[in-house]
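First the structure, in the form of structure tokens, and then the observations on it.
The values are calculated or read from the model by the stated rules, or taken from the named source; none is laboratory data. Values in this document were obtained by computation on a predicted structure and should not be read as measured data. Neighbour counts run over all protein chains shown; Cβ positions are idealised from the backbone, glycine included. Accessible surface is based on the protein model in full, side chains and every heavy atom, while ligands, DNA and RNA are left aside. Shrake-Rupley method; radii C 1.70, N 1.55, O 1.52, S 1.80 Å.
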Amino acid sequence: MSQTKTFAKYPKDVTLKLLAYCRANDWAGYDPYDALNSRIFKSLSFLDFRLPRLVLTQVLKRAPLNVRPLLLVPKTQNPKAIALFLAAVIKLSKLGLLDGEGLVDVLVEKLIALRSQKSAYWCWGYSFPWQTRTIVVPRGAPNLVCTTFVANALLDAYERSSESRYLTMAVSAAEYILNELYWTDGGRMAGFSYPLASLRVQVPNANFLGAAVFCRVHRHTGEKKFLEPAMKVAHYSATMQNEDGSWYYGEASKQRWVDNFHTGYNLCALQSICRDAETSEFEPCIRRGFEFYRAHFFRQDGAPRYFHDRTYPVDIHCVAQSIITLLAFRNLHKDNVRLAHSVFQWAATHMWDERGYFYYRVLPFCTIRTSYMRWSQAWMLLALSTLLADSDRVAAEACPT
């Protein structure tokens, strides 16, 4: 039996080796969307417009070989990745698998250093500029999704240690979202601008993530100013759910696809909203959404699909979110835990590198083996820590003290 398949049997071994890899690289690495960090591209100013930016980004993202070193793309620390690492480290420290307090401090200090400098609020953006289909988002420009993940990780740290500065930063992040990104048409429509404050396109996963942070901050602070906007946004995005239980990525004509990890974001954020706002009103929406999720995003062998209507690509981000989502809703299907372990086993067999990291994507005729720190390693460390925590909980329930 190969070493890779040996690791596939032991999530703990894979987790600790992945953690060691990330620490050895100082939590920094490449990203699928970091092409515009290329020093060569930056020097060719005549190429700095929409089409070349899009082409370069897509070529590097889809290339079977990683050519970033040739294009002088640096490895960077990404705030969202650091937040995911922080959440994972807190879980692992609770399990007694590492001395997490020192790492928590290290990762929080990195988040402090990486905050967006031009805002009075605590908020965060990506470590690269990125070209959407219509606009370019500057490097470090704060955005909703990145800020929500950091805020949640800081709240994890606060719940672990009761250190007030963690809560203070999370509350400031929520105020940034409320004061800079929240909008309403005066009627039933409401949302959060993403990826820039000037945009008002409805993106359900972004809306749910923002609403969930508001509800969580409200639970800790009692600040009522967060609760009404949260519920208004959540209500509107819930109405965007399709009859079959799915959500399109967004309301714009070019955003009408259904994918695995954004659906997982929707479901987990709705679960968080229900818990922290102490409401059950979204439970029918969650049940329909999860039934669609489980029925459409998994092959029989455990491989998770990226899109609901096709097999490829098998993407490591979808692997991670699948494990997290299945375990979050273990009460909705008796087979969820087994399926979560099957997803891990498939990924550990087909996407795990003995050097300690996970590959990016499996395609019909090749595997893209590039190591991406945010997209791949950070998400998998969080997923594996969630898997280990669930196994530990089950063991504790089976053997009560």
Among the numbered criteria (1) out of contact with any strand residue (DSSP E or B) (no Cβ under 7 Å at 6 or more places or on another chain); (2) open to solvent by less than 50 Å² (accessible area, probe 1.4 Å); (3) more than 24 Å from Thr370 (Cα to Cα), which single criterion is violated by Thr311? (3)
Is it true that Arg299 is under 22 Å from Asn242 (Cβ atoms), open to solvent by 10 Å² or more (accessible area, probe 1.4 Å) and of a type in the set (D, E, K, R)? no
Filtered residues of segment 127-160 (kept if polar (S, T, N, Q) and either at pLDDT below 95 or not in a helix (DSSP H, G or I) (or both)): Ser127, Gln131, Thr132, Thr134, Asn143
Across segment 157-193, which residue is farthest from Trp124 (Cα to Cα) among those that are open to solvent by less than 30 Å² (accessible area, probe 1.4 Å) and aromatic (Phe, Trp, Tyr)? Trp183
Among the residues of segment 77-128, how many are in contact with a Ser or Thr (Cβ under 6 Å, 6 or more places away or on another chain) and either among the hydrophobic types (A, V, I, L, M, F, W, C) or more than 17 Å from Leu16 (Cβ to Cβ) (or both)? 9
Conditions first: (1) touching a Leu at 6+ places or on another chain (Cβ under 8 Å); (2) farther than 24 Å from Gly289 by Cβ. Val394 passes all but one, so which condition is the exception? (1)
Index of the failed condition, Tyr357 passing every other in (1) free of Cβ contacts under 8 Å to residues at least 40 places away in the same chain; (2) within 30 Å of Pro64 (Cβ to Cβ): (1)
Can you tell me which residue within segment 277-291, out of those that are within 16 Å of His333 (Cα to Cα) and surrounded by fewer than 20 Cβ atoms within 10 Å (Cβ to Cβ), is farthest from the chain's Cα centre (by Cα)? Pro284
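For (1) out of contact with any Leu (no Cβ under 9 Å at 6 or more places or on another chain); (2) open to solvent by 10 Å² or more (accessible area, probe 1.4 Å), each residue gets a yes or a no:
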| position | (1), (2) |
| --- | --- |
| Ser45 | yes, yes |
| Val67 | no, yes |
| Pro79 | no, no |
| Leu86 | no, no |
| Leu98 | no, yes |
Return only the number of the condition from (1) in contact with a Lys or Arg (Cβ under 9 Å, 6 or more places away or on another chain); (2) touching a residue at least 40 places away in the same chain (Cβ under 8 Å); (3) small (Gly, Ala, Ser) that Ala173 does not satisfy. (1)
